[in-house]
Each structure stands twice: as C-alpha cells, then as structure tokens.
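The values are calculated or read from the model by the stated rules, or taken from the named source; none is laboratory data. Everything quoted here is computed from the prediction, not taken from an experiment. Every residue, glycine as well, gets a Cβ built from its backbone with ideal geometry; the counts of neighbours run over all protein chains shown. Only protein heavy atoms, including side chains, enter the accessible area calculation; ligands, DNA and RNA are left aside. Shrake-Rupley method; radii C 1.70, N 1.55, O 1.52, S 1.80 Å.
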Amino acid sequence: MAAVSLDDPTTFAALDSRDMLGMAEGFPDQCRQGLKLADEAQIGDSYRIEYDGIVGLGMGGSAIGGDLLAAIYSGELSVPATTVRDYALPSWVGERTLVFAVSYSGNTEETLAAFDEARRRGARVIGVTSGGELARICGENGLPCVVVPGGRPPRASTGYLLMSLVAVVERLGLIGGQAAARRECLEVLDAQAAEYGRHSPADANRAKQVAGLLHDKVPVIYASTPILGAVAYRWRTQFNENAKVLAMSHELPELDHNEIVGWELGRNLLGPRCVIVLTDPGMSDRARRRLEITQDLLGSGVEVHREAARGDSALARILSAMYLGDCASLYLALLNGVDPLAIRPIEELKKRLAQG
Ligand code: F6R
C-alpha cells in the first residue's frame, strides 16, 4: 500500500466514511453542548439528598465518562464515585446512591439490567442517552434523562456524555462551582482543536506526530499518576476501536509493582512497541522522581515519549490528555488504511446476543 500522507485531504475522504475526524475537531463544541443539555435537564427536588456514593453504569464508550468523572473530582468529592461495567450492581448501592445510567444507544443489555436493578433498590437514577430503551423507560416512569444528539458512534460522543455528568453533579452540589474550570478547559480544548485538526500540518500537529510514532508498533500507554489512569485506558480503547490495533495501558505507581518486571522477557515477545507516558503538570516531586527511575529501568532500548496534559484544573488536564489520544487514534487509523468507524466484532457480538 502506498504511504498515506496525513497532510493530504483526500486521505480523509477516502477512508473516514462518517467523518469521525470532523467529530473530533468539533469536540470542544460538543463539550459546550453537553454542559448546556445537562443544565437544562429536569431534575426534581427528590434528588437533593445526602448521597453515599455516585455510580456510573455503562459499557465501552459510554462507560469512560464515569471513570473520567471519578478521576477529575477525586480530590473534591466527599463520597466515592465508581463505574460499573456489568449486569449486576455492588451490594452497597441503595436509596442514597446517585446512579447515572449511561448508554449512548440506550440499548446496551448490561447497562439496562444494572439500571433496572438500581431502580428496584430505590437509587436516585438519571439516564444519559441519545434514545433507545433507556430514554423510553425514563420517559414512561418520569425519571430524569439527559437526551444527547444521536447519530454518532458512542466513543465520539464523550463530550456530551462526560459533560452531562459534570453538569449534574455540579447542580446537585456534590462538587463546587465549575465556572472557572469549565472556561479554562474549553480554552485549552479550542487551542488543541486548532492544532490537531486535519488542516494543521504534521510538523505543527502533535496528534499526527504521535500517530506516526505509533505506526506499526504496539502502543503502550502509561499514566504518570493515577488521576490520568482512565485517560491511558481511553487511549488504549481508542486505538482498539478506531485504529484496529491491540494496545496496552497502565498507571504509575501501580505498574512499578508488577508490569515493570514483565518488560524483562516481554520486550522481546512484544515486537516493535512505543511507550507514551502521559504526564501531569500537577505531579508531585516524588512522582517525578518515580517516573525518572521507572523510565531508566525500562532501558535505553525502549522508545519512550512523554506527552504533557495541559491546563491547571483537573478538568482541563484530563480532557486535554484525552483529546490528544482521541485525535492520534484517528490519524493512526488512516495510516493503517482502515475506516475508524467500523467496529464489526462489537456489532456482530451484539447481534448474536440479541438472537438469544
Ligand atoms: C462504539 C463504542 C462501544 C459502545 C459500547 C456500548 O463507539 O465505543 O464501546 O460504547 O458497545 O454501547 P452504548 O454506548 O450504545 O451503550
């Protein structure tokens, strides 16, 4: 196959059948819209209670918003926030738990089963969806639901889904006012959108450069601190679904207690690979020192690049780190000669399960 140029506009037209790159270029506006939709959603006074926890139900592209929410506000929330990717709920979920049922299609069976169970336990439930069964059940039972625009792949709807969660937890007083963080985050994302877009040439476009670094290699994405762990996982899943490659992800300090040993023999088994370390400007001196030593122990034969999150607020840092990976995964799809939209095995699996 002829080498693909990421600076040639015909590349996108030929492979990117639903213009997923265009969706990524519009990510900051999608975040703005997500905030607005959730600000406008009807949430009754019965939701203004003292909660014992926050749970995000969801799978795949709809689940990541719950992970990101928990990471962004880990230093601020006074109750635990967690994501459930399963049919079943943990036993502690009950009447004083705020449960977001997030399914972009509204039809994912694991999410619907857990949502059903949350309702039976009397949890305060809120749907976040573009339609389907979830919207129908919320509508018929008078349950609050943030209805986001449909017609996109779920993983290209994270701006709607995550920002809906952010706006609701803010409205319910579970976190403080987010005006400054929202503003900063959107400014950072706007600047990135200009840098990462298709018209920004590769020599000035870090997303195109990262895709080039990872082409024909196994991407290994390491978060330098746990707060970026969900972002590293998001990079991995975006490389899976968009670029159709296997990828690895892990986070410090945990990887220093297991995965670092796997490099001893794993470096030969893995074939060509490239490590991307997501760094956080808010890292402590101890975390910086740990990263230095970890990188040193990986050895000089391992290609490592560091990508720094941008901004001050956790919202900006986490979303900026994610946005680079989202765009890089789309450019990697093009370098791999595949349509980022296609997710045949996922569709086939859902089809076969639906047949019983
Ligand atoms: C597709 C994608 C998948 C779906 C998952 C759940 O873009 O990212 O991971 O998100 O199969 O489906 P939904 O989001 O419709 O509940």
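Would you mind stating whether Glu133 is in a helix (DSSP H, G or I), under 23 Å from Asp116 (Cβ atoms) and within 12 Å of the ligand (Cβ to nearest atom)? It is true that Glu133 is in a helix (DSSP H, G or I), under 23 Å from Asp116 (Cβ atoms) and within 12 Å of the ligand (Cβ to nearest atom). Residue pairs whose Cβ atoms lie under 6 Å apart, sitting 6 or more positions apart in sequence or on different chains, and linking a residue in the range 130-159 that is open to solvent by 60 Å² or more (accessible area, probe 1.4 Å) to a partner that is of a type in the set (Lys, Arg) and more than 10 Å from the ligand (Cβ to nearest atom), do not occur here. Among the residues making up the range 6-24, a single one is touching a Lys or Arg at 6+ places or on another chain (Cβ under 7 Å) and open to solvent by 40 Å² or more (accessible area, probe 1.4 Å): Pro9. Only one entry of Ala204, Ala123, Ala191, Ala167 meets the criterion of being among the small types (Gly, Ala, Ser), open to solvent by 50 Å² or more (accessible area, probe 1.4 Å), more than 16 Å from the ligand (Cβ to nearest atom) and outside the structural domain of Leu330 (by TED's automatic domain parsing), and that entry is Ala191.
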